[in-house]
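Since every read-out is calculated from the coordinates, none of them should be taken as a lab result. Not measured: the values here are computed from a predicted model. Please note: Cβ atoms are built from the backbone with ideal geometry, for glycine as well, and neighbour counts cover all protein chains shown.
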Amino acid sequence: MRSPTGAVPASEPMPQAGAASVPVPASAGRRLPPAARKPLVVLHVVASVSWLALMLCLLTLAVTALTAGDAERLRTAYRAMGLLGDALILPLSLLTFLSGVVLGLGTPWGLFRYHWVSAKFWLTLGAMTASVLALPDRLHDAVRVADAHPTGPITVADLGFVRYNTVIVPAVALTLYLVNVVLSVYKPWGRRKVTARGGAGAGTGAEPAHPRPGRIPGAGA
C-alpha cells in the first residue's frame, strides 16, 4: 500500500520497469550447463553447415547431369551423388535436427516459445524427412540408370523423370534450410504472447524477457 503522500513504503519492493508483470515460464529455467552446451553448439553448427554443403553439392551434380552433353559425364555425376548420399545424408540430417532440438529445450529459446524458432523446427523436420525418405531413393534410381548403361550413350528415354527428381529433391531441402538461415539472422514475427500466468498462448500481449544474445536457437540453427 502507498502512504497518503504517494510514496512506496520501504517494505514493498520497487517494481522493475517492463519485467514485473510477466513471470518467466518455468521451462525457461531448465538450461544446459556450459560444459555440455558449448560442445553441443559446436556439433550443431558443424552438422548444419555440412548438411547445407551436402545439399548444395548434390544439387550441383544433379544440374551437371541434367545439362551434360555426354554420357560419361552424366554417369560420373550420378555415381558421385550416390556415394555422397549413402555416406552423409542420414547422419548429417539427424545430427542437425536432434542437436537443434536439445539446444532448444536446454536454452531459454525453447522450441515453441518464439514464432520463428517454431518455424525453424518444422522446416528442419520437413527438410530432414525429405532428405532421409525421398532423396536416397532418387539417388539410387540415378545410379541404377548409370550402371545399366556402363558404356555408350544414355538417352532421354533411359533417364525418364530421374533427371528431374535428382534436381527437385535437393533443391527443396536446400531452400528449406536457407529459409532457416534467414530466420536465424532476422528473427521475424516477434514472440508468442503469454498469459498472466506466463503460459504461451493468447494472453495479455506481454512478452517474456529475451534470452541473452549469443545463444543458439532451436532446431536447425
statement: Here the FRET efficiency for residue 148 versus residue 70, based on Cβ atoms and R0 = 22 Å and rounded to 0.05, is 0.80
message: If each residue of separation counts as 0.36 nm, what is the full-extension length gain between residue 186 and residue 46 once their alpha-carbon separation is subtracted?
response: 48.3 nm
